[in-house]
Amino acid sequence: MSYPHLTSPLTIGDLTLRNRIVMGSMHTGLEDMRWDIPKLAAYFAERARGGTGLIITGGYSPNKRGWLKPLASELSTRLQAMRHREITGAVHDEGGAIALQVLHAGRYGYHPLSVSASTRKSPITPFKPSALSTKGVDRTATDFANSIALARKAGYDAVEVMGSEGYLINQFLAARTNDRTDAWGGTATKRMQFPLEIVRRARELVGEEFPIIYRISLLDLVEGGQTWDETLDLAHALEESGVSVFNTGIGWHEARVPTIITQVPRAAWRSYTARLKAEVSVPVCASNRINTPDMAEQILSAGEADLISMARPLLADPEFANKAAAGRADEINTCIACNQACLDHVFKNQKASCLVNPRACHETTLVLAPTRTKRTVAVVGAGPAGLAAATSAAERGFAVTLFEAAPQIGGQFRLAMQIPGKEDFAETLRYFGRRLEVLGVEVKLNTQANATDLASYDEVIVATGVAPRVPAIDGVERAVRYDEVLNGSVTPGKRVAVIGAGGIGVDVSHFLSHDPADTDEDWMAHWGVGDPAVHRGGLTDPKPRTPIREVTLVQRKTTPIGIGLGKTSGWAHRAVLKQSGVVQVSGASYDRIDERGLHVTVDGEQRLIEADTVVLCAGQESVRGLYDELADAGVNVHLIGGADLAAELDAKRAIDQGTRVVAALTG
Ligand code: FAD
Ligand code: NAP
Ligand code: SF4
């Protein structure tokens, strides 16, 4: 497949982009300290080498009050600007273009110096902001303009002004957070003066041709957010003030509607971008949950946007653009929108990386150096850990054989992709499958490897994974395991009790209650997304779900169910359970399972949870007999993934470990 629209150049002011692929802004944690600049430069350079049209950095604050957290990234001095030359130079050396994003966190600043349009605290930060004085707003607009001028001096090809996602500019725009009575608030026209002043002042400093991108909030998805008319008025006024491109943003960080995680349908928000594009004359960039070149091409060819922003997909595969251009889209390592190694890390104050590409943000330290010898490597198990190990070893130049007992690759990940909203996980298996072919790995499916088969290899990597735990409960032989439910070998009845409320118990409860007839439009309706031309902020009353089964989810712990799920996605998984009417029981001890269902004791009281089917999601145990045998026989053997440690296993750890074990192999 070719992508004529995606691969065509675009000129904006004095900048010509080689294609329409924009790597959207995303904080990685490498922006904040100057000693991380070489790592950041290497990270961006790899994406520029991969053919990306335009890279946008993570957000840099125009002053201290706008920090995201204490000592966070800032661009307000010449000295800071000069340090950025290492980044811009590295990108230019690879033929790429790079823009700096200027972001003032406003009340999302995680520090006591935060400021906003008013003193209204955000529901997601503990700090109450101070309200900027009238002069303070004026000074902040000037700080933005100075930061933009400094970015130009630092060699950036463009800037992006962050006007969405609920940060300071958005806080000025929405009545929800702006109750001012001075020149910067009171009416929609006055609320929009702050971004207009920023753009006007910046334009004066950088001249007519330097591209200023403005990230506009198309849907705030919060009560008291903007109406569509207000958004359009703002867009027209910004265009007149000198904005060169509109990038688009969806939802404030505090919104209770998921906007980018896996369960959000692909390109869910494209129609809003198309509506903006029809109204303005400058180029418009679509964003959020666009992760394949096919989808990007579709949007461009339909005339809904001029550019496509993909942040996480470029973290997942730095060569996305080159592969698309060369007709090798089937080799793209697709972002599965899990947030597990990127946003979850950033929100926990850790450096970002990527579940499917652990080299992301570790380009200088996690290196798969070519081997000087042609030694043989056997990998046992084609789950995420084994797949990462086999492809990494082949990439280094080892002669690799991969053994898999099942008829297909994937291991537990093949079960994960059956969960509604995790369909994209199939892309990871498509990627690994193709990568095995391209790299010439010998794949032996339907082959249970034993110690004799492996004796002749120079290195053996055991990735035999996990098996579901079957707990010792009276009558447990009446229950079924989660893998039997998800692989379709068992069809559960109408009333189901689920034992174990970890990640898999929550997923299986969703799988059991979800109505497969639900469409993407239903998804929007369940989350209460409405037309912003009718409903302020794009929020309306949610349409109830129609669960197809009565599900009761049970755990022994007394902590809230799903509390250990991902930082940026767990809340949405928990909300789906609630929307689906899944009954949650904590603090239970299991008495027995019989033909009536699951008997438990809760708070000293015996109860029957009536159920036609009881499903076991009680964790996993490592499958490591083969490893022990090989180690005893003195074979050069390595143990990775769930086979190494079942507790708190996820695909992030499995893939990371599989890659690192190979990077460390001598040769
Ligand atoms: P496994 O996936 O268990 O793979 C081991 C493989 O080894 C299997 O294919 C097995 O057949 C093979 N094997 C075993 N013995 C032999 C032998 N002797 N010879 C040949 N082959 C052998 N993780 C996340 O990070 N995010 C999620 O959102 C997520 N959701 C999930 C949802 C569900 C419903 C499930 C079930 C899992 C989910 N996971 C998720 C967990 C993730 O799938 C696992 O952590 C991951 O698959 C573990 O990888 P692994 O390679 O260590 O083991
Ligand atoms: P888990 O998170 O460890 O949960 C296992 C559950 O089983 C626990 O809730 C535990 O709860 C219960 N349990 C453990 N031993 C039991 C016993 N002997 N009898 C009865 N109940 C028992 O594991 P999982 O749900 O199997 O998930 C495996 C891994 O996959 C997880 O570590 C997770 O990281 C990953 N995963 C991630 C996601 C995601 O969205 N990121 C989704 C799915 C899976 P009590 O002890 O309280 O009863
Ligand atoms: Fe995408 Fe997950 Fe990687 Fe983040 S961690 S870039 S969401 S695949």
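The numbers here are math on the coordinates, done by the rules we state, and not lab data. Computed from a predicted model, the values in this text were never measured in an experiment. Glycine also receives a Cβ, built like all others from the backbone with ideal geometry; neighbour counts cover every protein chain displayed.
What FRET efficiency comes out for residue 135 versus residue 556 if R0 is 51 angstrom and r is the Cβ-Cβ distance? Round to the nearest 0.05.
Efficiency, from the Cβ-Cβ distance: 0.30.
Note: relative contact order over region 382-498, using C-alpha pairs below 8 Å and six or more positions apart, is 31 percent. What you get for the chain, charging only the Cβ of Lys and Arg (+1) and of Asp and Glu (-1), is a dipole of about 1600 debye around the Cα centre. Phi angles of region 462-467 translate, via the Karplus equation with coefficients 6.51, -1.76, 1.60 and θ = phi - 60°, into HN-Hα couplings of 9, 10, 7, x, 10, 10 Hz per residue; Gly and Pro are given as x.
Taking only C-alpha pairs under 8 Å that are 6+ residues apart, what is the relative contact order of the chain in percent? Walk me through the numbers on the way to the answer.
Numbers: 1569 pairs, mean separation 82.6, N = 667.
That works out to 12 percent.
Annotation: the antiparallel percentage among DSSP beta bridges lying fully within region 10-336 is about 10. Distance between the modelled labels on residue 610 and residue 119, one decimal in nanometres: 5.6 nm (7 Å Cα→Cβ projection).
Computed packing ranks the peptides 307-317, 102-112 as 307-317, 102-112, most packed first, by mean other Cβ atoms within 10 Å. In terms of surrounding Cβ atoms within a 10 Å radius of their Cβ, 52, 559, 227, 568 rank from fewest to most as 559, 227, 568, 52. The residues packed around residue 549, meaning those with a beta-carbon under 15 Å from its beta-carbon, carry a net charge of -3 if Lys and Arg are +1 and Asp and Glu are -1. Using alpha carbon centroids, what distance separates region 15-49 and region 475-541, in Å? Value for the Cα centre distance between the two parts: 37 Å. For the chain, complete DSSP H runs whose alpha carbons reach 27 Å or more along their own long axis and whose mean Kyte-Doolittle score is -1.0 or higher are 134-153. Where only DSSP H runs of four or more residues are counted, the chain gives -9000 deg cm²/dmol as its mean residue ellipticity at 222 nm, each run worth -39500 (n - 2.57). Approximating the spin labels as points 7 Å out from Cα along Cα→Cβ, the residue 660-to-residue 621 distance works out to 2.7 nm.
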